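**Q** Let me begin by handing over the structure; questions about it come next.
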Amino acid sequence: MAKKPSRGSMKWRTMDLHLHTPASVDYQQPGVTYLEILQRAEARGLDIIAFTDHNTISGYRRMMDEVERLEFLENSGRLLAEEQLQLKEYRRLFSKILVLPGFEFTATFGFHILGIFPEDKPIREIEHILLNLNIPAEQLDYGSDTVGASTDVIGAYQAIAEAGGLAIAAHANSNHGVAMRGFTFGGQTRIAYTQDANLYALEVTDLEKKGRRTTAAFFSGTKPEYPRRMHCIQGSDAHRLTKDEKRKGNLGIGDRPTDVLIPEVSFKALKDLFSSNDFSRARPHRLKAEPAYDFIRSAREEGANIVQDFHESTSIRGGRLYAVVADISAFANTNGGTLFLGLNADPNKAITGISKPNQAITQLEKEIGNRISPHLHCTIDSHKTGGKTILRVLVPRGDDPPYVVDDYKIYVRTESETSQAVRDELVSLVRRGKNNIAPHSSKAEDTTDEKEIKTPVLPAEEDVDLAPRTGVEVVGVEERDGGSFYTVRDLRNGNMVKNVTLKSARRLWHYALTQYARLPSDIEKADIQWQGDFGLLHQGKQGKRPNYDLIQRTPQGYRYFFGVTDDGIHGPWKKPVGQEEE
């Protein structure tokens, strides 16, 4: 009875993947029928829905049992007139709406996880998954969120994914969510719960909001501790047909839906979307009267960063095409990313556009194939914005680094800058390729021989965790052959690079060394805004975003950090830079 998907061009479809039914014990309108649920979904213009009752599949099963009973009566010639109307209505609704089976599982610590499965997944197999997740057999149909909580979050993700389903963190930033604020569990645990490879998406409650404090912005791939960019969607978590006017937080069906750009209405199309690195194809549902959603303008407002950049031209003249290829290599060697070609990052500047997009795509594909090795598969497509055509290049994080341009040039991405890798970064890339080390992993290896660093003494291990998470730390300087040779630490990934000079330093490093050289010999006499042992030396701007030069007092001496962005501010650093505690 599930809807058969029909092939078509890419089209925005509306979905609500978090709906409860009377099979959940906390459903607020127990007398509601499954036909009424489907009819309400149709009235809200939904193309895809999922039944996700608490720790049970019984809601979906009851609906399908009802349909099966009506079909049996029809085949045996015993269908009453009223029942015939019901069966006809089911068939009509199934032809318009894809209804997916699923559940909302309660893991340890009370975290909620959506498991959503293909429409042809046998119900018994889904029940078996719940049994394997330690739902007691006698409570398999109970439908309570207090059942369960004996399987950890990572295990639940894995079980759902291995069964061919979509594991989605339910209301991740809110109650019972794996990314909610104020829950006192370790940072590494939070990272694992939101970055696991078996987790397909985060369901959030603030998708319609903008700004760096939103959940989607936090998981955009720019945070050093959260390098995997996550697909974010929203859902109603409806426990009733319509919104409760007395308690506005009790939403109804389709009150918080998501639009997705997919080629067909099917589970496979959804899974392909959530498996891709295209993050422009999901948005909060837009009313027809609202302006069209322009993800390119949103990207320009964010500006260049470690996972995205902009080029106005792809011409060979002036080395512009080579600069594009270098960025692609750098993204693959770092954390993946997106390039926008034919426009400047500044949203106030006129868009240049690409005059012959098909020709430009062919040329760029050829350049990537001929100049970057090993083979790197990128997706290149064209889009309209501001009346002009621009190109978008989706670059994956490569699993076989280093990716080399012209057989010998290796580039990496440092914040909004692409630079050639230095020796210690090359060693790290080779080790990553060999060991498949995750980006910014706590297991990243330090390639520096510490005994060669003269001053100051390296910080104690307990102090390292307190360092900002972006920018550069000037670890030490050695005077040799009439020159100064610095050791710097990339705070984003922990890599230490030695023998850096002002002449050889890339832009951010050069800034750090210059600022370091300007520090007074007696640092206690400097104008520092101290908050305990953490201080602000200087605040400036890096493009559109603020950056900070910081200092920390330790038993071993002072530590100096330069070019720290908001993404790197955490814990005790919030007060010196004037940020509120979250």
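What follows draws every value from the coordinates through simple rules; no lab data is involved. If you're wondering where the values come from, they're calculated on a predicted model, not measured in any experiment. Don't worry about glycine lacking a Cβ; one is built from the backbone with ideal geometry, like all the others, and counts go over all protein chains shown.
**Q** In the chain, if every C-alpha pair distance is counted and binned at 10 Å from zero, what percent goes to each bin?
**A** Histogram of Cα-Cα distances, whole percents per bin: 3, 15, 23, 23, 18, 11, 5, 2, 0, 0, 0.
**Q** Right, something else. Run through the range 514-577 and list the trypsin sites (Lys or Arg not before Pro) located in a DSSP loop whose Cβ has at most 15 other Cβ atoms within 10 Å.
**A** The qualifying sites are Arg518, Lys544.
**Q** If you take every DSSP beta bridge whose two residues both sit in the range 1-140, what share of them, in percent to the nearest 5, is antiparallel?
**A** Antiparallel bridges make up about 35 percent of those DSSP assigns within the range 1-140.
**Q** Same structure, new question: If amide H atoms are built 1.01 Å from N in the plane of the peptide, which residues on other chains or at least 5 residues away come under 5 Å of the amide H of Leu98?
**A** Distant-sequence amide H within range of Leu98: Ile48, Ile49.
**Q** For the range 408-420, just list the computed ³J(HN,Hα) in residue order, Karplus coefficients 6.51, -1.76 and 1.60, θ = phi - 60°, integers in Hz, with x standing in for Gly and Pro.
**A** With the stated coefficients, the range 408-420 comes to 8, 9, 10, 10, 10, 10, 10, 6, 9, 10, 9, 9, 6 Hz.
**Q** Now, a different point. Quick one: angle between helix 423-435 and the longest Cα principal axis of the chain, in degrees between 0 and 90, rounded to 10, please.
**A** 30
**Q** Taking the Cα centre of the range 298-417 as origin, work out the dipole magnitude from +1 charges on Lys and Arg Cβ and -1 charges on Asp and Glu Cβ, in debye rounded to 20.
**A** 460
**Q** Figure the gain on full extension for Arg281 and Asp533 (residue separation times 0.36 nm, minus the Cα-Cα span) and round it to one decimal in nm.
**A** The Arg281-Asp533 span can extend by a further 86.2 nm.
**Q** Another question, if that's okay. Mind checking the full-extension length gain between Arg431 and Lys575? Use 0.36 nm per residue of separation minus the Cα-Cα distance, one decimal, nm.
**A** Residue separation times 0.36 nm, minus the Cα-Cα distance, leaves 48.1 nm.
**Q** Near the amide H of Leu19, under 5 Å away, which other amide H atoms are found, from residues 5 or more places off or on another chain, if H is placed in the peptide plane?
**A** Ala50, Thr52
**Q** OK, next. Helix 81-96 versus the longest principal axis of the chain: what is the Cα-based angle in degrees, 0 to 90, to the nearest 10?
**A** 20
**Q** A further question follows. In the P(r) worked out for the range 11-288, what percent of Cα pairs fall beyond 35 Å?
**A** 14
**Q** Calculate the length of the line joining the C-alpha centroid of the range 545-582 to that of the range 139-162, in whole Å.
**A** Computed from Cα coordinates, the inter-centre distance equals 40 Å.
**Q** Among the listed pairs Lys223/Lys503; Lys209/Lys246; Lys223/Lys268; Lys356/Lys384, give every one whose C-alpha distance is greater than 18 Å.
**A** The pairs that break the limit, which is 18 Å between Cα atoms, are Lys223/Lys503; Lys209/Lys246; Lys223/Lys268.
**Q** If you don't mind, another one. Any idea what the dipole of the chain comes to, in debye rounded to 20, about its Cα centre with Lys/Arg Cβ at +1 and Asp/Glu Cβ at -1?
**A** 2000
**Q** A follow-up question, please. Hey, if you put +1 on the Cβ of every Lys and Arg and -1 on every Asp and Glu Cβ in the chain, which of Leu130, Gly568, Phe72 ends up farthest toward the positive end of that dipole?
**A** Highest projection toward the positive end goes to Gly568.
**Q** For the range 298-417, take the convex hull of the Cα atoms, compute a quarter of its surface area, and give me that in nm², please.
**A** Projected over every direction and averaged, the Cα hull of the range 298-417 covers 6.8 nm².
**Q** For an R0 of 25 angstrom, estimate the FRET efficiency from the Cβ-Cβ distance between Gln420 and His375 and round to the nearest 0.05.
**A** Calculated value: 0.75.
**Q** Mind listing the long-range amide H neighbours of Val475? Cut-off is under 5 Å, sequence gap 5 or more, other chains count too, H placed in the peptide plane at 1.01 Å from N.
**A** Amide H to amide H, under 5 Å and 5 or more residues apart or across chains, Val475 pairs with Thr487, Val488, Arg489.
**Q** What does the extension gain come out to for Ser150 and Glu208, with contour length at 0.36 nm per residue minus their alpha carbon separation?
**A** Gain in length upon complete extension: 17.5 nm.
**Q** Compute the distance in nm between two label points, each set 7 Å from the Cα along the Cα-to-Cβ direction, one at Arg181 and one at Ile123.
**A** In this crude label model, Arg181 to Ile123 measures out at 4.2 nm.
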